[in-house]
Each structure stands twice: as C-alpha cells, then as structure tokens.
There are 2 protein chains.
Amino acid sequence: MGSSAKEEARIADALCKAVLERKLAPGSKLPEEELAQIFRSNRAKIRRVLLLLSRSHIVTLEPGRGAFVSRPSPQEARDVLASRRLIEVSLLARPYRQLSAQGAERLRRIMMQEAQAHAAHDAIAMIYLSGQFHLTLIEELGNKVLKSITGELILRMSLIITMYERQNTTCCLSSDHHDLLELLGAHDYAEASALMARHLEGIESCLDFHREPATTTILSQILQPLKD
Amino acid sequence: MGSSAKEEARIADALCKAVLERKLAPGSKLPEEELAQIFRSNRAKIRRVLLLLSRSHIVTLEPGRGAFVSRPSPQEARDVLASRRLIEVSLLARPYRQLSAQGAERLRRIMMQEAQAHAAHDAIAMIYLSGQFHLTLIEELGNKVLKSITGELILRMSLIITMYERQNTTCCLSSDHHDLLELLGAHDYAEASALMARHLEGIESCLDFHREPATTTILSQILQPLKD
DNA sequence: TCAACCATTATTGTTTACAATATCAAGCCC
DNA sequence: GGGCTTGATATTGTAAACAATAATGGTTGA
C-alpha cells in the first residue's frame, strides 16, 4: 500500500499546524525517536518528514546534531514579508480573473468563521482562518502555484511572528478582511490592493527585529495532543 | 563528516542542470540503483535527493513505481508561467531598491557571456545564462527569497518548454536583456516592467499546449558525463 | 571551588539485508 | 491470434542492526 506517503503527510501537517498555532517555538529540538513515538511511527518516516520540512525552511537540520524548528534571521524575516507583500498586493492589483460568485461565497464563509473565533477569543482558530482567507483569495484570483508558494511564506511568517512579535499587540485585524471582500465584490481591485498593502504592513509594524528572543521551547506535552 | 549533504547537493544540482539543459526529458524514469552507480553514490542518498526534488516538482514519485522526471500538465504550466510573470513584472515595476552600480555590472557581465554563447551557437549555455540573468536581476532589485522562488519556477519552466515548445521557434530573445539593462540603468522601471512582460509573453507564445508530446526519453549516456 | 578532561550515554547517520510490489515474458485458454 | 493468467525478475520500500558523533556527567587536579 502506498499509505506511507499519506502517513508522512499527516505527520508533516501536524508539525506545520503546531508551527502555525505558535505551539512549536523556533529553536525547539525535534528528536527523531521522540517524534516517532508521539506519532506512532518510526524513525525512517520521521526522518523523511524532517528532510522535507527543512526544504520548506520550517525545520533546520544541523548535521550530527539533529533537527530544530527554524529560527529565521531578521534579514530572512524581512525578505519573507516583502515577498509575500509583493505577491498578494500585485495579484490583487491585477488579478488573473474577476472574483466569481462562488469565490466570494467561499471567502465570506471563512470570514464568518473568523468572526465566530473572534467572539470566542479563540486566537488559534483566528490565526488559522486568517491564513485560509488569504490562501483562498489567492486561489480565486490567481492560481494553485501562487497559493502553494504563499502557503509556505505564511508558514514561515508564523515563525517570524513568534520570534519577533512585540508584546501587547493585536495583529491581524480581521476587519480588514471584511473591507477587502467588500471592495472585491465591487471589483475595485486598485483599492483592494492598496488595502492589502496596508493590511500586511500592519502586521509588519507589530514586529521588532531588535530583540533576540530566547525561544528555547519544549516539546512533548505540546505535541502529544497532535497524535490523533 | 557532514559531507553527505554536500554530496547530495551535488547530485541534485547535476540533475537540475540536466533538466535545465533539456537533456532529461519529462517522463524519463530515474531508477535509484542506476543513479547511484552514475554518481558513485548509494541508494539511500539518491532516495533523499529524489524526495527533495519531488518537493520542487522536478521529479514525480509514483508509489511502488519509482521516480520520474515530472510532466507538468497544461494547467500547471500556465500557472507556473503566470506566477513567474507576476513576480518578475511586479518587482520591476516597484523594486525594493534601485539597481546599484555593482548590480548593473553583474548583469552586464552575464549579458556579455550570453552574447558569446549566442555567437558560438551554444544553446545550452544560452539557456543557463538567461536564467542567471533573471535570477541576478531579482536578487539585485528584490531579495534572496524571491530569487529562490523564481529559481524553482525557472526550473519548472524548463520542463514546460521541453514538453510544449513549438518546432522551429527561437525563444529567449537575448536582445531583450540588453534593452532591459539599458532601461534599468536609466531607472525607468515602468518601461522595464513593461518590457519584461513582453519578454515573458514572448516565451509563452512559443508554446503550444495542444500537442501531447511523447517525451519518453532515456537516461544513462545522457547522465554519464555528469558524474564528474 | 572551578575548570579541564575523560568515560558514559544518548542521538544521529549509514549500511545491510529483507519484504513487498510492479514489470515483463511465457504459456494457456478462448 | 489475442487476451488473460501465472510465474520469474527486477526495482522499490522498510526495518533493523551497526557505526559515528555529539551531549552528559562525573572525576581529578590545581
């Protein structure tokens, strides 16, 4: 059975989800044996997953020392942010196609879930849904390749925000998503693009690259609930 | 010694180079044992390389059947082309920084090599240098993340062109690179961006997605000279 | 008391052999 | 004769044992 790829995808997704939800802090060690136990897998599969994640810059492999959750440098962080800005802002300014009725509906549905998560003070759900909103937008106005590229950038942004976020800041204004959808419904892409630029700059303004955070974080209880 | 990563990078680079130079046709089978012999390596390393290349969409792993050079579908091809166009055209329109004197010098050097390759009718060198020109441009006006993203897209474009190129067409007008550099030297980014759009559209117009090409290609003699 | 050194332990990296699967060819039935 | 089944072969996939390396802790000597 070719279920091995599926199982590895499951493990990789669980790790990515943990990164996305800010549970796995940058710098955390990822011991192979321990991960194998947590996911009821074996070292070989874990090893392949870590190799793939290292290619996505989510994990850093240090030869002889093992795998760690990546700690993007300030420069890398700036580059990731700027790249994402370029893609999303430019796509909105000149989308490959108009936003369809179904597309608008998909986005509206996500936005409503965001509102629910906001009301429930579910920060984790809000982070996830915010990403989904952006990715769906890109898929609707752009294509799957851009979506996959941006998906990786969003994942890296999670690490960046975890490392460099200022205290007492409330990032990710979900009200922007509402306004964005309204502009897109009116096919005012120029204004939507400008709003997206402000939206992303808003996120960036919450970051402070001067403080070198001591994100030595630990693991097993945090990952334990992921195994199912 | 941590030389294993280096060796795997060497093998991956050789395979990518072969794809770039259109020597490895899409659909070609990549048997692990044979690759191990060609590169004087072992199956385990080859296996890791193929896994990584599959993540870059250069190689497709079919469970139980092995690794093949990817055959991008017409839809994937269109998406890759459009994504690259978005990134390069947008970056030129609003670069992160002005083109520096050193940057212009780097580009000029590549362009001169292109002219030499053109004079020598060295098609392979021309393909490689054209890619280098675009990547250097992105690094100078943008950043390393965008460069790496575009590098992967260019690699995928090689597969696409191999599969869908019309007969008797001369793609990649190197004269465009000359004009581009001139516009950038004058800091006329709007015009440079427009030229880049035409340049990339020119490449796309050489493609024909209707013909399903029988690119069942073979391997060992083609890869043999790569082993050194 | 602290620092350097050495032995121990744990973790990673590699190789090997083995199991599973797909491919191919011949034979057989229709 | 064509297509299907069946066995042989080759290739991929997996597991386990082994080797190498880095982290750990304790000892020794100043």
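The criterion of being away from DNA strand C (no atom under 16 Å from the Cβ), open to solvent by 70 Å² or more (accessible area, probe 1.4 Å) and out of contact with any strand residue (DSSP E or B) (no Cβ under 9 Å at 6 or more places or on another chain) holds for residue A:13. Taken over the range A:26-52, the criterion of being within 14 Å of another protein chain (Cβ to nearest Cβ), open to solvent by less than 40 Å² (accessible area, probe 1.4 Å) and touching a residue at least 12 places away in the same chain (Cβ under 8 Å) is satisfied by A:45, A:46, A:49, A:50, A:52.
Within the range A:68-111, the set of residues being open to solvent by 60 Å² or more (accessible area, probe 1.4 Å) and within 14 Å of chain B (Cβ to nearest Cβ) comprises A:75, A:78, A:85, A:94, A:96, A:97.
Scanning the range B:53-101 for residues that are over 16 Å from residue A:145 (Cβ atoms), without any contact (Cβ under 8 Å) to a residue 24 or more places away in the chain and more than 16 Å from DNA strand D (Cβ to nearest atom) yields a single hit, B:101. Residue selection: residue B:118 fails the criterion of being open to solvent by 30 Å² or more (accessible area, probe 1.4 Å), within 23 Å of residue A:138 (Cα to Cα) and not aromatic (Phe, Trp, Tyr). In the range B:29-46, the residue that is farthest from DNA strand C (Cβ to nearest atom) out of those that are among the charged types (D, E, K, R) and out of contact with any strand residue (DSSP E or B) (no Cβ under 9 Å at 6 or more places or on another chain) is B:34.
With respect to being touching a strand residue (DSSP E or B) at 6+ places or on another chain (Cβ under 6 Å) and either open to solvent by less than 20 Å² (accessible area, probe 1.4 Å) or in the same structural domain as residue B:151 (by TED's automatic domain parsing) (or both), residue B:59 fits the description.
Whenever a residue of the range A:144-163 is of a type in the set (S, T, N, Q), its partners that are part of a helix (DSSP H, G or I) and open to solvent by 10 Å² or more (accessible area, probe 1.4 Å), lying with C-beta atoms within less than 8 angstrom and at least six residues away or across chains, give the pairs A:150/A:84; A:150/A:135; A:158/A:20; A:158/A:127.
The values are calculated or read from the model by the stated rules, or taken from the named source; none is laboratory data. The structure displayed is predicted, hence computed values, not measured ones. With ideal geometry, Cβ positions are generated from the backbone for all residues, glycine too; neighbour counts draw on all protein chains shown. Just so you know, the surface numbers come from the protein's heavy atoms only, side chains and all, with ligands and any DNA or RNA stripped out. Shrake-Rupley method; radii C 1.70, N 1.55, O 1.52, S 1.80 Å.
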